[in-house]
Amino acid sequence: MINKNPDDERFFRLSDHVREPKHTALTIAGSDSSGGAGIQADLKTMTMNGVFAMSAITALTAQNTTGVTGVLDTPPDFLAKQIDAVFSDIRPDAVKIGMVSSAELAEVIADRLAYWKAENVVVDPVAVATSGSALSSGEAYEAVKRLLFPIAEVITPNIPEAELISGMKIASADDMEAAAMAIVDKYGCATLCKGGHMVNDASDFLCCPDGTSQWFEGRRINNPNTHGTGCTLSSAIAAGLAKGMELAEAVECAKEYISGALAAMLDLGQGSGPLDHGYLLRR
């Protein structure tokens, strides 16, 4: 029989806790069957960063740490129904957009977010999985740039993605700054150009439409398991914005979270494994 002594620290009384409003965030992205990236990483990250997480799935993927073996797009009209169902009932304080595998899906997302006047939109312009597998067609990527970048508060490209978007080669910190500024000038959204990829030790450069910019210093963590890092960072930024943080503060907190998830040194799978999104939980 369980001892339900009210003084037992394992139990709590509702009267001891003040009920506070819960901030909310929506992720619009693809599902990762291995749980390390996509919708699954987004939901874990948002939850661990203190917001109520919701989802609208753009595609199902058959995916693990070694690669993607299949992608099944969500019908555009059904994606619209998912987004409408969320906004009409539990309005998100922020929206993160990840994998968009077709131009039609990009059009639906842009249309519904405009209809609902979505705020604090974060776009992770993912084109290729960590394993190297393509997740988006060229036509889809062009639609994302044309339709979703202009409504974003911030986009979060890594070095290869920033090269693809800006059309510039990036081989140094100066190149990161130039590419980010070019993207801001063209699309009007803040751009966080993420370091790494042999350019620097994981330091990121944020450039904003108002002309301000800032470097966020990072340290390279010697962990080969980086599956889902882009999804995780962008979702953590969205969680920060949902809680009312300014963009720079949200980026700083997100980098701290992802560094901890990498430093936990989770080792799962035969390829580039996932982060430990729940590293802050007591074991």
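General observations
- Residue count, the stretch 166-195 (criterion: open to solvent by 10 Å² or more (accessible area, probe 1.4 Å) and under 22 Å from HIS227 (Cα atoms)): 2
- Restricted to strands (runs of 3 or more DSSP E) entirely inside the stretch 40-149, no element has at least 3 residues that are open to solvent by 50 Å² or more (accessible area, probe 1.4 Å) and more than 30 Å from ASP276 (Cα to Cα).
The rows are residues; the columns are (1) closer than 27 Å to ASP32 by Cβ; (2) in contact with a strand residue (DSSP E or B) (Cβ under 9 Å, 6 or more places away or on another chain); (3) modelled with pLDDT of 95 or more.
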site	(1), (2), (3)
ALA180	no, yes, yes
VAL184	no, yes, yes
MET198	yes, no, no
TRP215	no, yes, yes
ILE221	yes, no, no
PRO224	yes, no, no
ALA238	yes, yes, yes
ASP276	yes, no, no
LEU281	yes, no, no
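- Test: ALA254 is under 25 Å from ASN64 (Cβ atoms), among the small types (Gly, Ala, Ser) and buried (at least 24 other Cβ atoms within 10 Å of the Cβ): no
- Counting the residues of the stretch 150-165 that are open to solvent by 50 Å² or more (accessible area, probe 1.4 Å), closer than 16 Å to GLY188 by Cβ and in contact with a strand residue (DSSP E or B) (Cβ under 8 Å, 6 or more places away or on another chain) gives 2.
The values are calculated or read from the model by the stated rules, or taken from the named source; none is laboratory data. None of the values given here were measured: they were computed from a predicted structure. Quick reminder, even Gly has a Cβ in these numbers, built from the backbone with ideal geometry, and neighbours come from all protein chains shown. Keep in mind that these areas ignore ligands, DNA and RNA; they rest on the heavy atoms of the full protein, side chains included. Shrake-Rupley method; radii C 1.70, N 1.55, O 1.52, S 1.80 Å.
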